[in-house]
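One structure is given below, encoded as structure tokens.
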There are 2 protein chains.
Amino acid sequence: MGRLTGGDPSLLRRINSAVVLHALRGADFPTFTDLTRITGLSRPTVEGVIEGLMVAGLVVEDAPEEDGETRRQGRPARRFRFRAEAGHLLGIEIGPHRVAAMLSGLDGRIIGAGSREVTETAPADERLDRVRTTVADLLRRAGVARSSLRAVGVGSPGIVEADGTVRLGTALPEWTGLALGERLRRSFRCPVLVENDANAAAVAEHWKGAATDSDDIVFVLAGLSPGAGSLIGGRLHRGYGGAAGEIGALHLLGRGATPETLLSTTDQPLHALDEPAVAQVFADAKRGDAQARAAMERFIERLVHDVAALVLALDPELVVIGGWAAGLEDVLEPLRGELARFCLRPPRVALSLLGDSAVATGALRLALDHVEEQLFAVEGTVTARR
Amino acid sequence: MGRLTGGDPSLLRRINSAVVLHALRGADFPTFTDLTRITGLSRPTVEGVIEGLMVAGLVVEDAPEEDGETRRQGRPARRFRFRAEAGHLLGIEIGPHRVAAMLSGLDGRIIGAGSREVTETAPADERLDRVRTTVADLLRRAGVARSSLRAVGVGSPGIVEADGTVRLGTALPEWTGLALGERLRRSFRCPVLVENDANAAAVAEHWKGAATDSDDIVFVLAGLSPGAGSLIGGRLHRGYGGAAGEIGALHLLGRGATPETLLSTTDQPLHALDEPAVAQVFADAKRGDAQARAAMERFIERLVHDVAALVLALDPELVVIGGWAAGLEDVLEPLRGELARFCLRPPRVALSLLGDSAVATGALRLALDHVEEQLFAVEGTVTARR
């Protein structure tokens with residue numbers, strides 16, 4: 001109980017520093033007086049903390065542009081702001097057909113993005129090379145030095161271990177067993193956090209997508225190999241072994257048909273990663289093509305079953321459907337209807353708002369979480385109060 | 001940040017009191033010196049806290065039986081113990097065929113138990129009457145006054161709201177919509193906490209059953225109307241609307257056969273609550289009866305599917321199978337085999353160790369949690385360090 005009854009001065013400094021930084025981020029060019037009021041700390045404490053943060057480059061004395069009227073009415077109080085430009089974050093998506101990256105400052109505001117195509121058969125080395133060029137190009141265009149990066153988040157298909165190794169990833173060649181985190185860490189001098197793509201997308205929709213108003217969500221990556229990510233009480237639920245939400249395996253149990261077969265309008269199943277072919281089936285169904293409609297119905301039935309399994313197990317407030325750019329909006333109504341019939345407490349169902357950018361956005365948010373934890377959290381106390 | 005940097009004296013007293021109580025429960029008749037060492041508090045603080053706790057009846061001066069050798073070697077130091085007998089807790093199971101109750105002191109040690117049969121068609125009033133007589137009889141036999149009860153936990157089938165109202169409960173007559181918590185609160189002057197039965201059983205197996213070594217578990221109540229409860233990081237996962245784990249509805253989706261049909265060896269489905277008939281099928285299958293074996297296989301296939309859905313959604317470390325007293329052990333091997341085939345990270349699978357008593361035991365633990373939170377927790381700080 002030392003931290004409550006005793007007095008560790010360096011811990012106290014860290015707490016006070018985190019509290020002042022928080023106040024700085026939330027306020028608009030606060031003065032010492034503002035910060036004293038917001039934090040409840042003493043004026044000398046606030047002054048000491050601000051001095052330290054300025055030395056560390058995280059805070060700068062600054063004031064908003066003033067208009068002519070209010071300028072020069074006596075000597076103004078010193079004002080400060082958090083230097084979001086003191087560091088940068090990357091969010092990276094590694095997918096079957098493309099890699100994408102997003103760049104932000106320490107406030108999480110996106111200041112650049114880029115992507116590159118890659119063939120689905122590309123070996124791991126080639127795919128990682130594509131990631132490196134995409135990132136290098138993005139940094140160059142944004143004028144951000146690599147040394148300014150504080151954390152990199154990565155969203156990848158597959159079950160990802162805590163150290164960033166892909167335990168199992170059938171969607172990409174040479175992916176199972178790949179030490180993805182370690183490989184990427186060679187390109188960066190900051191922490192690299194690797195997360196399952198559906199998990200990253202769930203985080204993204206909660207941050208700035210279709211799920212900003214709910215803390216209990218399931219995000220369904222409704223691809224041909226469907227996966228899901230879930231937040232419980234606002235926190236990512238990874239499962240004991242990082243495999244939570246890998247609902248794609250459910251169809252193997254006594255249900256022979258894979259999504260590739262279900263969505264095919266011929267004798268042959270679609271290729272597992274052929275998203276244009278899927279878009280074509282969706283478009284044909286919309287036009288009224290009977291075979292395509294039948295395929296679509298089979299696919300929806302299957303999707304309903306997978307989503308129902310997730311919903312019954314987790315009881316989320318909201319299900320967000322994403323993963324394919326086009327056509328998924330037609331899935332919503334039948335999904336809502338079926339869930340209402342079979343779930344004891346049917347959740348709301350919404351379409352992804354972030355679409356293509358969900359995975360990279362979520363990866364960026366995970367990098368931001370990591371940095372915020374270092375900057376603002378003291379043994380979880382401050383984080384919990386945020 | 002007042003609680004870290006400021007000095008609220010009453011809060012500090014509560015924290016210190018909780019810390020000393022914790023130390024008392026964990027130690028064996030500690031002295032002031034022991035408590036000072038364990039808690040890191042000053043001697044005068046410990047003495048003041050102990051005095052307050054003695055006045056409150058929660059602590060008593062007491063010493064273990066000494067043997068002849070060590071007796072009377074100078075004046076012994078004062079020793080103290082937590083008075084587990086200062087209050088009592090009840091755990092109640094309300095089931096289709098019986099109601100059961102368990103009684104403990106504040107340390108959670110069971111000091112009495114009782115049950116009564118009830119017909120599955122009994123109306124709600126009769127079932128609640130049966131609960132009341134069971135409890136009254138148990139208290140009388142244990143010599144515990146009703147006024148000594150500090151909290152009552154109740155496990156019931158159905159989706160239960162936070163206030164103890166049954167939102168949906170098809171297993172028992174007149175159960176949907178029943179204000180179960182409110183009805184039972186009339187019989188007690190302490191808090192009454194109502195929980196879904198599978199959730200309560202999950203808590204019980206984690207406390208003292210098959211899941212004491214894991215914090216990420218799914219408990220499957222493998223009845224004819226299967227349900228499940230899960231712990232994530234040691235905490236009960238209720239879901240947004242309290243419906244998490246109600247996997248029984250999954251068979252309604254495109255799979256016509258109910259467990260009652262699957263397990264029947266005739267043209268007619270079993271009655272949904274006829275557990276003796278199920279036990280008979282299990283026993284016949286064990287004896288080698290072909291029809292019973294086929295029924296059992298159909299049932300297992302179904303159970304595997306439900307459990308796989310839970311496992312894929314949640315990725316627990318351990319699945320505990322319970323719910324029927326007899327026969328379930330034959331389910332384990334096929335379940336393990338199938339989960340290993342279809343789950344990306346198969347969990348361990350174990351049989352319930354608590355059997356019949358799981359629900360009441362879990363209900364008792366929930367009552368104990370409630371009381372411990374009041375006695376020992378200060379804004380979550382102390383609890384987290386337990």
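Taking the criterion of being surrounded by fewer than 22 Cβ atoms within 10 Å (Cβ to Cβ) and at positive phi, the residues of segment B:190-241 that qualify are B:G233, B:G234.
Just so you know, in segment B:318-341 the residues that are within 13 Å of chain A (Cβ to nearest Cβ) and buried (at least 19 other Cβ atoms within 10 Å of the Cβ) include one that is farthest from B:A201 (Cα to Cα), and it is B:E338.
Which count do you get for residues in segment A:336-350 that are within 10 Å of B:A249 (Cα to Cα), of a type in the set (D, E, K, R) and touching a residue at least 24 places away in the same chain (Cβ under 8 Å)? Reasoning before the result, please.
So the first thing to find is which residues in segment A:336-350 are within 10 Å of B:A249 (Cα to Cα), and the list is A:341-344.
Adding the requirement that they be of a type in the set (D, E, K, R) leaves A:341.
Of the ones still in play, those that are also touching a residue at least 24 places away in the same chain (Cβ under 8 Å) are none.
The qualifying residues number 0.
Is it the case that segment B:107-122 has a residue that's in contact (Cβ under 8 Å) with a residue 60 or more places away in the chain and within 30 Å of B:E51 (Cβ to Cβ)? Checked segment B:107-122: at least one residue is in contact (Cβ under 8 Å) with a residue 60 or more places away in the chain and within 30 Å of B:E51 (Cβ to Cβ). Scanning segment B:211-227 for residues that are among the aliphatic types (A, V, I, L, M), modelled with pLDDT under 95 and touching a strand residue (DSSP E or B) at 6+ places or on another chain (Cβ under 9 Å) returns B:V220, B:L221, B:A222. Residue-level check: of (1) touching a residue at least 24 places away in the same chain (Cβ under 8 Å); (2) part of a helix (DSSP H, G or I); (3) surrounded by 19 or more Cβ atoms within 10 Å (Cβ to Cβ); (4) within 14 Å of another protein chain (Cβ to nearest Cβ), B:A313 misses just (1). The sole residue among B:G91, B:G108, B:G112, B:G143 that is more than 18 Å from B:A204 (Cβ to Cβ), of a type in the set (G, A, S) and assigned by TED's automatic domain parsing to the domain that holds B:V371 is B:G143. Within segment A:255-273, no residue that is outside the structural domain of A:G323 (by TED's automatic domain parsing) sits with its Cβ atom under 8 Å from a residue that is at pLDDT 65 or above and crowded, with 18+ Cβ neighbours inside 10 Å at 6+ positions apart or across chains.
Out of curiosity, is A:S115 under 30 Å from B:R345 (Cβ atoms), of a type in the set (G, A, S) and surrounded by 15 or more Cβ atoms within 10 Å (Cβ to Cβ)? No, not satisfied. Elements of the type strands (runs of 3 or more DSSP E) sitting completely within segment B:90-189 and holding at least 2 residues that are touching a Phe, Trp or Tyr at 6+ places or on another chain (Cβ under 8 Å), modelled with pLDDT of 95 or more and within 14 Å of another protein chain (Cβ to nearest Cβ): there are none.
Just one of (1) crowded, with 18+ Cβ neighbours inside 10 Å; (2) closer than 30 Å to B:G177 by Cβ fails for A:L354. It is (2). From the list B:R141, B:R79, B:R75, the lone residue that is of a type in the set (K, R) and within 28 Å of B:G155 (Cβ to Cβ) is B:R141.
Yes/no per residue for (1) in a helix (DSSP H, G or I); (2) away from chain B (no Cβ under 13 Å); (3) at pLDDT below 85:
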position	(1), (2), (3)
A:G254	no, no, yes
A:T261	yes, yes, yes
A:S264	no, yes, yes
A:P276	yes, yes, yes
A:A279	yes, yes, yes
A:Q291	yes, yes, no
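Does segment B:222-233 contain any residue that is assigned by TED's automatic domain parsing to the domain that holds B:I94 and assigned to a loop (DSSP other than H, G, I, E, B)? Within segment B:222-233, not a single residue is assigned by TED's automatic domain parsing to the domain that holds B:I94 and assigned to a loop (DSSP other than H, G, I, E, B).
The values are calculated or read from the model by the stated rules, or taken from the named source; none is laboratory data. Only a predicted model underlies this, so the values are computations on that prediction, with no experimental measurement involved. When we count neighbours, we look across all protein chains shown, and the Cβ atoms used for this are built from the backbone with ideal geometry, even at glycine.
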